[in-house]
Each structure stands twice: as C-alpha cells, then as structure tokens.
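One structure is given below, encoded as structure tokens.
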Amino acid sequence: MTTFVDRVELHVAAGNGGHGCASVHREKFKPLGGPDGGNGGRGGDVILTVDQSVTTLLDYHHSPHRKATNGKPGEGGNRSGKDGQDLVLPVPDGTVILDRQGNVLADLVGHGTTYVAAEGGRGGLGNAALASARRKAPGFALLGEPGDAGDIVLELKTVADVALVGYPSAGKSSLISVLSAAKPKIADYPFTTLVPNLGVVTAGSTVYTIADVPGLIPGASQGRGLGLEFLRHVERCSVLVHVLDTATLESDRDPVSDLDVIEEELKQYGGLDDRPRIVVLNKIDIPDGQDLADMIRPDLEERGYRVFEVSAVARTGLKELSFALADIVAKARAAKPKEEATRIVIRPKAVDDAGFRVVQEEDGLFRVRGEKPERWVRQTDFNNDEAVGYLSDRLNRLGVEEALMKAGARAGDGVAIGPEDNAVVFDWEPTMMAGAEMLGRRGEDHRFEAPRPAAQRRKDRDAERDEAERAFDDFDPF
C-alpha cells in the first residue's frame, strides 16, 4: 500500500457566489415599500498552506477532487446571503504548484506560506443595492459569479541541507540512522528505501537536515529505477554527498565507476552543477573495504573531492563527516541573500486604457474581451428584459458601443462577449432596446408615481363631502 506520495494532480473548484434577491418590501398599509432584496454571499476560496506536520501528499492522492462551499443567495428584508467557507488544504514544506503544462505557479517554502489555488465567485447584488434616483424599483437582481475551477499539479521537493546520493545498498540509510535520530528501513537488498528519509543532525552550534534519496541507477534521469521519481528531492540541498560502497559484492562495479555514473545522471537531470560535493567511502569496517578505500582515495582527491572514510556499523569517521557538512551548510546559509520585506508595487492603469478590447475575427464576428464586460455578462439574467437593459446601459457607459462602431461593426453584425468556450453571442443593434423601456425610463416603476389607494379614497370622500356641502349651501327652499 502506498504510504508516500510526492506528486499528485489535484482538481480544485472554488465556491460559486450566491445570487442577489429581487424583492419588494411588503407591510400592512404599505403595499409598495420599496426594494429590499439582499446581496448574495461570496463563494469560498481553495487555499493551499504549508503545514510542518504534513510530510506527504497521500491524502490528495486518494481524494484528488476538492471543492469549497458556495455562497448563499440573498433574501428579502435586506438580508445578505452567507459567504461560503474557504477550503484550506495543508501541504508539506517544499511543495511546488504547477499547471498542467508544467509552468510553476507557486513555490511554497516556510511554515504558514499560502497560495490561493482557486478564487471564489462574487455574490450578486440584490435589487436594493441596484436602486438609484433613476431606477427606484429594480425588478431584477444580479446573478452570482461562478468560482474558479481547474487542475493543478503538486510536487514535493524535500527541504533539506544535505542530500545522500548513491547506488542502492550503498549504506545511505544506515548512515542517516547513525548521524541523526531517523529510523529508516535497512536491509541488504536493492531498493530497500522506497521513500526519501529525513533526519536532523546537530554538529556544534549548527543544526541541519539530511535527506536519504532512494537509490539511483544508470538511466535514472530518463526514468529507470526510482531516480526520476526522487531526483527532484535533491534540488533544494546545499551539498551533495556521494556514498560509495567499498565492499560491494558485484564484480562489474567499483566505487569510482559508481561515482561517474551518479554524476552523469545528476548532469542529465540538470541544475545541480553549482552544489559542492563530498565523497564518503562507506563500509571500511570490512577488511576488503578498507583496502579498496586506501586504493581509490588518492584518485578521488586528485579530482578535487573531499573524501571521508566511515563505517556506519562501527560508527567510525562520523564526527569528522558531521562537522565538515555543518561547515559547508553554515557557509551556504551565510552566502544566501538576506530576505527583504515584500515591496508593494502599484501599477496604475493607463489613461487611455478602457478595460476592454474589441477584435474582429476571421469569420466576421466581433469579440469583446475584458474583465468588466465578461463579469457583467456572467451576472446578467437573460430571462429578465430589465436585467438585459441594465447590461446594455452598463456596456454603453463603458464605451463598448462606440468601440464597436470604430471597429467597423454595423447593425446586425454578430458580437460575442467572453472567451471562445463560454461567450454570449448576439446580433448587435446600436442603442439596443431591451423591452424594459416600454415601462418608461429603464428600471422605474410607475406604481410609485400613482397615489396610494387609501389616500385616494380619503381624497374621494373629501371631494364628495365638499360637493354635498356646496349643494346644501346653494339650496334655497324659498
């Protein structure tokens, strides 16, 4: 059963915004009390955050579909809908977020680092928020926007200072077990280690982490063995340690050729040429191992490597190795540039930036692209003539009709607003009439201009009484 997963494809979906409410206040003796529809709630976001207690992506391997909750619709009585709850997904330190094309979206390093993978949709405005001096009683509300949805790839790159690399059964797991408190599985058969092991080492005043990367073999950078699956775990390390087996039982192998093979695989993988290297000749507690180590050490030193002879079983040479690694790690940390506070960059829009653009496509269709027009279209209920008229007003004020005229559009030409896969297409008519104008000025309700029934009845009674009094005064019995 899989217990360690360092790469998953995650399907995330944010919550949809709640629809606004179109409502009119009703109260005894106030039949037309004005619009009181509330706004819809915002949809929940999908947020990835680094959690030090999480070490694997196994949960997302078993449950790759994650969705935040939707916002609630607005209600009458000026009651706004409840916002959707954000979905917070904990990920291990060192998780890289990519899109399906392999582009890096975020690199999450450090406890508490967050990334919004999918943003929730805005809630629609209710008719109370849409009311104005000209539009006293809107008979419509705006729809909530759908939340973002898509696929992302999570890759885990171990955050460690030192990486132990080498052939299977070279003794990497044994070495990390004696240098730190880690307890990896140890056996004498190839590919015993199936997952990267992480340990913490203290050498003097320096504390650093050391990772045991699963065994590499020739062709690992092309996917043979476990190499391609775990080579990414050495990318963040400050120093690479070649663990060479000086007591191998395989007749066609020797420590120097093993080193050359691993170096070639690291070169093919790329991006690791600047990392310092240390060579560890392991298993010198075996007589043949010590003899072989004495034989090849001068050759390795001539190549410029620092060589350490150790025995994980006898625990010899470990102190010198530990302090040498601590010195390299300390120098690497000191050489890193100091982290500066994030600078806030303000990029104002250009004076002539209308926020949209009109493009004529090969088939003659005019397409309007822009954040505002596309959002307004998503919020419009096209089953409501008054809502369509409101959309027409907004587009006209934004300058869309003028831009269409400049682009050469004529009455009856096709116009699309939105992306190719989800656009609203209509035949354009300048100064579009939506039908709601039949009621008077768009958005108005003439019922507000009519007298209230009770008041009219009182006026009628008063008029009848006045007429009766005048008739009595004019009556002359003689």
Cβ-Cβ cut-off under 13 Å around Arg303, Lys and Arg +1, Asp and Glu -1: the net charge is -2
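Once you sort the root eigenvalues of the Cα gyration tensor of region 277-324 as a ≥ b ≥ c, which label holds: rounded (a/c under 1.5), prolate (a/b larger than b/c) or oblate (the other case)?
oblate
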Within straight cross-link reach of Lys459, meaning Cα distance under 18 Å, which lysines are found once same-chain residues fewer than 8 apart are removed? Lys30
Subtracting the Cα-Cα distance of Ala324 and Ser257 from 0.36 nm times their residue separation yields 21.7 nm
Rounded to a whole %, the carbon-and-sulfur portion of the accessible area of region 1-125 at a 1.4 Å probe is 49 percent
Taking max minus min of the Cα coordinates of region 246-306 on each principal axis, largest first, gives extents in Å of 38, 23, 16
What residues qualify as long-range amide H neighbours of Ala423, i.e. H under 5 Å apart, gap of 5 or more or another chain, H built at 1.01 Å from N? none
Mind listing the long-range amide H neighbours of Gly147? Cut-off is under 5 Å, sequence gap 5 or more, other chains count too, H placed in the peptide plane at 1.01 Å from N. Asn16, Gly17, Gly121
Per DSSP, the loop-located GluC sites (Glu not before Pro) within region 362-424 having at most 10 other beta carbons within 10 Å are Glu362, Glu420
Between Lys136 and Ala468, what FRET efficiency follows from the Cβ-Cβ distance if R0 is 41 Å, with the result rounded to 0.05? 0.60
Total Lys pairs in region 310-426 closer than 25 Å by alpha-carbon, pairs eight or more apart in sequence or interchain only? 4
What's the local net charge at Thr206, with K and R +1, D and E -1, over the other residues with C-beta under 15 Å away? +1
Could you tell me what a quarter of the Cα convex hull surface of region 238-384 works out to, in nm² with one decimal place? 21.0 nm²
Amide proton proximity set for Val213, modelled H, under 5 Å, gap of 5+: Leu164
With θ set to phi - 60°, apply the Karplus curve 6.51 cos²θ - 1.76 cosθ + 1.60 along region 411-424 and write out the HN-Hα couplings as whole Hz, x wherever there is a Gly or Pro. 4, x, 5, x, 10, 10, 10, x, x, 4, 8, 7, 10, 9
Would you mind getting the accessible area per residue of region 47-91, heavy atoms of the protein chains only, 1.4 Å probe, in Å²? 60 Å²
Please list, in order along region 373-382, the HN-Hα scalar couplings obtained from phi with the Karplus expression 6.51 cos²θ - 1.76 cosθ + 1.60 (θ = phi - 60°), rounded to whole Hz, x for Gly and Pro. x, 5, 5, 4, 5, 5, 8, 9, 8, 6
Measure off 7 Å from each Cα along the Cα-to-Cβ vector at Arg7 and Val345, then give the distance between these two points in nanometres to one decimal. 3.1 nm
Theoretical FRET efficiency, 1/(1+(r/R0)^6), r = Cβ-Cβ of Asp393 and Asn422, R0 25 Å, to 0.05: 0.60
Estimate the FRET efficiency between Val88 and Glu371 by the formula 1/(1 + (r/R0)^6), using the beta-carbon distance for r and 41 Å for R0, to the nearest 0.05. 0.95
Please calculate how many Å² of accessible area region 239-296 carries per residue, with a 1.4 Å probe and no DNA, RNA or ligand atoms counted. 46 Å²
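The values are calculated or read from the model by the stated rules, or taken from the named source; none is laboratory data. Here the structure is a predicted model, which means the values were calculated and not measured. Glycine also receives a Cβ, built like all others from the backbone with ideal geometry; neighbour counts cover every protein chain displayed. Ligands, DNA and RNA are stripped out before the accessible areas are found, and what is left, the full protein with its side chains, is counted by its heavy atoms. Shrake-Rupley method; radii C 1.70, N 1.55, O 1.52, S 1.80 Å.
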